[in-house]
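Here's the structure we're looking at; comments come further down.
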Amino acid sequence: MSFSRLLSHAYTASCVIFLGVILMLSLTACDRRPGLFADAASPAPAAQVGVLQSDVLIVNGQAVHLADAVTPQPSPDARCPAEALAARQTALELKTLTSGVRAVTVTPTGAKDSSNRPYAHVLLDGVDPAHELIEDGLAVRSAAGAFNWCGPLSAAFPRAEHIAMLSVSGT
């Protein structure tokens, strides 16, 4: 084999290697990679919020008692069937309020309930569930004190008729 022919083969081989490297670099450049700030721009994972009872939420595994509302108690703590039914309806509404929530803010008051759960002010995507339950007639303000869910309905209590209808319909 002559020197010029050997040089020609070496030149061809180096060109093939060079083209192979260029091709691999080109394919690598086409590979989808996250941008430098991809983590900062991606949406936060949804908060895990569940409902334990009419006034107790489970937020990321921790039980939290709503501080701003007094709700009817479920069985066996309910004092009558009307209170148990109202508690069921309140828990269902609270489940609706927690559905699809992305951001939860919990501000403990420092007090604890009889089950050692912290009382807290809660916001679900900026919405106060205690306020919503009060507006829907499913709870009373905690500042108003205890409410007799089984006693004669007071005409002075806002939405009392609505609560009575819940105990009849169960929806």
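The values are calculated or read from the model by the stated rules, or taken from the named source; none is laboratory data. Since the structure is predicted, the reported quantities are computational estimates derived from the model, not experimental observations. Cβ coordinates were reconstructed from backbone atoms using ideal geometry, including for glycine residues, and neighbour counts include every protein chain displayed. Heads up: the accessible areas ignore ligands, DNA and RNA and are worked out on the full protein's heavy atoms, side chains in. Shrake-Rupley method; radii C 1.70, N 1.55, O 1.52, S 1.80 Å.
Observations on the structure shown:
Yes or no, residue by residue, for (1) open to solvent by less than 70 Å² (accessible area, probe 1.4 Å); (2) modelled with pLDDT of 90 or more:
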site	(1), (2)
GLU135	no, yes
ALA144	no, no
SER154	yes, no
PRO158	no, no
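- The range 67-95: number of residues that are in contact with a strand residue (DSSP E or B) (Cβ under 6 Å, 6 or more places away or on another chain) and surrounded by 22 or more Cβ atoms within 10 Å (Cβ to Cβ): 1
- Among the residues of the range 50-60, those identified as farther than 16 Å from GLY137 by Cα and open to solvent by less than 60 Å² (accessible area, probe 1.4 Å) are GLY50, VAL51, GLN53, VAL56, LEU57, ILE58, VAL59.
- For the criterion of being over 16 Å from LEU52 (Cα atoms) and over 15 Å from the mean Cα position of the chain (by Cα), ARG88 fails.
- Search result, residues across the range 97-120 that are in a strand (DSSP E or B) and open to solvent by 80 Å² or more (accessible area, probe 1.4 Å): PRO108, LYS112
- Pair list, Cβ under 7 Å, 6 or more apart: the range 98-112 residue under 15 Å from LEU66 (Cβ atoms) and in contact (Cβ under 8 Å) with a residue 40 or more places away in the chain, other residue charged (D, E, K, R) and assigned to a loop (DSSP other than H, G, I, E, B): VAL101/ASP125
- Taking every residue in the range 122-142 that is more than 13 Å from THR107 (Cα to Cα) and pairing it with any residue that is modelled with pLDDT under 95 and open to solvent by 60 Å² or more (accessible area, probe 1.4 Å), at least 6 positions away or on another chain, the pairs with Cβ-Cβ distances below 7 Å are ASP125/ARG102; ILE134/ARG141; GLY137/ARG159; GLY137/HIS162.
- THR107 touching a Ser or Thr at 6+ places or on another chain (Cβ under 9 Å) and polar (S, T, N, Q): no
- Test result for ALA63, over 24 Å from PHE147 (Cα atoms), in contact with a Lys or Arg (Cβ under 7 Å, 6 or more places away or on another chain), small (Gly, Ala, Ser) and surrounded by fewer than 19 Cβ atoms within 10 Å (Cβ to Cβ): no
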